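Input: a single structure, listed below in structure tokens.
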Amino acid sequence: MAKLWGGRFRKATDQRVDDFNSSIRFDKRMYKQDIKGSIAHATMLGRQGIIPMEDSEAIVRELGHILHDIEDGKIEFLIDAEDIHMNIEKILTDRIGDAGKRLHTGRSRNDQVALDIRMYLMDETAEIEEMLVETMETFVELAKEHIDTIMPGYTHLQKAQPITFAHHCLAYYEMFKRDYSRLVDCRKRTNIMPLGSGALAGTTYPLDRKFVAEMLGFDDVTMNSLDGVSDRDFVIELASCLSLVMMHASRFSEELILWSSNEFGFVEMDDAYSTGSSIMPQKKNPDVAELIRGKTGRVYGDLIGLLTMMKGTPLAYNKDMQEDKEQIFDSIDTVKLCLPVFCDMIRTMRVNTRNMHEGAKGGFTNATDAADYLVKKGLPFRDAHAVIGNMVFYCIEHNKAIEDLTMEEMKSFSDIIEDDIYDAVSMETCVNDRKVIGGPAKKITQKAISKAEKYINSL
Ligand code: ARG
């Protein structure tokens with residue numbers, strides 16, 4: 001097949017090079033954005049009198065037909081037409097002749113691909129934002145059900161202090177909320193229109209870049225033609241945002257894997273979200289959570305791949321940059337695959353509130369509160385810490401919890417201890433006295449939940 005750029009060449013491209021060079025296999029998914037961009041460019045060329053109005057109209061009309069034909073599966077893309085941009089231009093020219101040949105006036109594939117990828121990523125980002133809203137909702141719903149569900153909070157995976165499951169869920173709400181706002185922020189820098197940068201040095205034609213930007217719904221136009229074609233920061237930013245989304249999903253997945261083990265027994269995955277073993281009849285494995293944790297690795301890989309691909313590339317466009325697509329597409333596909341199943345898995349799991357509560361009671365999670373009790377009676381905190389440290393040592397030796405000690409045993413550690421200590425170290429008090437902003441107390445949690453609901457409804 002004759003190449004659109006074949007004039008300077010006397011020999012056909014080697015078949016292997018055609019296969020090697022071609023990106024149509026993966027960039028065909030940008031067909032809609034490519035056509036939209038070309039329609040805007042052709043419309044502007046006509047309005048500016050750069051090409052005849054009737055050619056502009058013919059191009060716009062035929063691009064509309066091509067869009068339908070692609071969507072109806074009537075078009076077969078060609079490897080030797082290299083990429084989605086030249087495939088569509090070739091189909092157009094085959095259909096309408098000279099008018100089609102005028103479409104690429106004042107444009108390069110370098111600014112064309114920069115435009116297409118920006119539009120494609122913005123469309124996908126909007127979909128992922130929706131999924132993140134659903135993820136936030138899932139955690140807030142779960143928090144609402146578990147305001148009174150006391151569980152152990154951990155540091156170093158050692159029991160630390162009692163919290164509630166609602167508080168734990170709201171921690172994840174905060175993470176996914178940050179992910180959402182990061183995506184919105186990243187979209188602002190993606191939302192800049194590069195067409196008019198040409199191959200690298202702009203163009204001599206009187207293009208109306210602002211008109212094209214407005215027609216395509218962009219906020220602004222790029223301000224330097226070299227940067228316009230060689231910038232892929234927005235791709236890397238998105239890959240970074242998506243890596244954090246996966247990191248958050250994988251952290252909760254890891255907790256669910258631990259919590260569904262026999263040792264914890266805090267949650268049980270629904271049968272529909274677990275799998276069995278081919279040999280061990282008793283097994284019920286949290287495969288969905290494990291796969292989300294595992295897939296996080298490929299998204300990190302995409303991010304590092306993109307950063308490495310861009311490292312040290314001289315200005316302006318280099319073919320290296322064609323490698324941006326498979327990696328960012330893979331990140332997008334992975335996140336879009338994981339988030340819905342992640343939410344469904346969480347919504348359907350059973351929470352064993354009794355085991356959580358029992359778990360909170362072991363491991364002296366109320367030791368800090370016992371020390372705080374002494375502080376409130378006038379002892380300096382460091383002295384109180386030492387008294388309760390001794391008490392815990394005694395409890396370990398006698399296989400008792402702090403709240404199991406008799407008043408006589410209590411008094412042997414400090415004579416300022418009175419009957420009200422039992423209430424002060426109860427799990428409920430430990431949780432509900434933590435009334436600072438951001439704390440797990442019931443009242444604070446209820447406020448946090450209504451704030452979260454208000455935020456989600458405002459989106
Ligand atoms: N397929 C190319 C890409 O994805 C399009 C730009 C090609 N430009 C060029 N001068 N070879 O980056």
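Given the convex hull over the Cα atoms of the stretch 110-178, what projected area results after averaging over all orientations, in nm²? Can you show the working numbers first?
Numbers: hull surface 25.9 nm².
Mean projected area of the Cα convex hull: 6.5 nm².
Here each label is just a point 7 Å from Cα along the line to Cβ, and for Asp185 and Glu254 those points are 2.4 nm apart. What the phi angles of the stretch 275-280 give under the Karplus curve with 6.51, -1.76 and 1.60, with θ = phi - 60°, is a coupling list of 9, x, 10, 6, 10, 9 Hz, glycine and proline written as x. Across the chain, the mean sequence separation of Cα contacts (distance under 8 Å, 6 or more residues apart), normalised by length, yields a relative contact order of 16 percent. The separation of the stretch 225-246 from the stretch 95-126, counted between C-alpha centres, amounts to 19 Å.
Here each label is just a point 7 Å from Cα along the line to Cβ, and for Ala2 and Met223 those points are 4.4 nm apart.
Placing pseudo-labels 7 Å out from each Cα toward the beta carbon at Arg382 and Asp320 gives an inter-label distance of 5.7 nm.
If I take every Cα pair under 8 Å that is 6 or more residues apart in the stretch 166-293, average their sequence separation and divide by the length, what percent do I get for the relative contact order?
On the way: 117 pairs, mean separation 27.7, N = 128.
Across the stretch 166-293, relative contact order equals 22 percent.
Given the -39500 (n - 2.57) contribution per DSSP H run of 4+ residues, what per-residue ellipticity at 222 nm results for the chain, rounded to the nearest 500 deg cm²/dmol?
Working: 20 runs with 288 residues, N = 459.
Computed mean residue ellipticity for the chain: -20500 deg cm²/dmol.
Values of log10 I(q)/I(0) for the stretch 1-153 across q = 0.10, 0.13, 0.19 Å⁻¹ run -0.48, -0.68, -1.21, by the Debye formula with one identical scatterer at each alpha carbon and no solvent.
In percent, what relative contact order does the stretch 283-357 have, based on Cα pairs under 8 Å that are 6 or more apart in sequence? Display every interim value, and only then the final one.
Values: 27 pairs, mean separation 29.3, N = 75.
Reported relative contact order: 39 percent.
For Ile192, no residue whose modelled amide H falls within less than 5 Å of its own remains once neighbours fewer than 5 places apart on the same chain are excluded.
Where the only charges are on Cβ atoms (+1 Lys, Arg; -1 Asp, Glu), what is the dipole of the stretch 277-322 about its Cα centre, to the nearest 20 debye?
In total the dipole reaches around 120 debye.
Any idea what angle helix 109-145 forms with the longest principal axis of the chain, computed on alpha-carbon atoms, 0 to 90 degrees, nearest 10? Roughly 20 degrees, rounded to the nearest 10. Once the Cβ-Cβ distance of Lys32 and Thr313 is raised to the sixth power relative to R0 = 35 Å, the FRET efficiency obtained is 0.80.
Projecting the Cα atoms of Leu115, Ile96, Ile35 onto the charge dipole of the stretch 10-129, computed from C-beta unit charges around the Cα centre, puts Ile96 farthest toward the positive end.
If I take R0 = 41 Å and measure r between the Cβ atoms of Asn285 and Met407 in this structure, what FRET efficiency does the formula 1/(1 + (r/R0)^6) give, to the nearest 0.05? Working shown, then result.
Values: r = 49 Å, r/R0 = 1.18.
Here the calculated transfer efficiency is 0.25.
Helix 53-71 sits at what angle to the longest principal axis of the chain, using alpha carbons and giving 0 to 90 degrees rounded to 10? On a 0 to 90 degree scale, this one is about 50.
Given the convex hull of the Cα atoms of the chain, what is a quarter of its surface area in nm²?
30.0
With 10 angstrom as the radius, rank Thr204, Thr368 by how many other C-beta atoms surround their C-beta, starting from the fewest.
Numbers: Thr204 8, Thr368 17.
Fewest-to-most ranking of Thr204, Thr368: Thr204, Thr368.
Annotation: amide H-H contacts under 5 Å for Met349 (H modelled 1.01 Å from N, sequence separation of 5 or more, or interchain): Asp270. For the chain, the dipole from Cβ point charges (+1 on Lys and Arg, -1 on Asp and Glu) about the Cα centre works out to 1140 debye, to the nearest 20. Indicate the gyration tensor shape class of the stretch 1-62 (rounded, prolate or oblate), computed on the Cα atoms with a ≥ b ≥ c the square roots of the eigenvalues: a/c under 1.5 is rounded; otherwise a/b larger than b/c is prolate and the rest oblate. Here the stretch 1-62 falls in the oblate category.
Values quoted throughout were computed directly from the atomic coordinates according to the rules given, and no laboratory measurement underlies them. Not measured: the values here are computed from a predicted model. With ideal geometry, Cβ positions are generated from the backbone for all residues, glycine too; neighbour counts draw on all protein chains shown.
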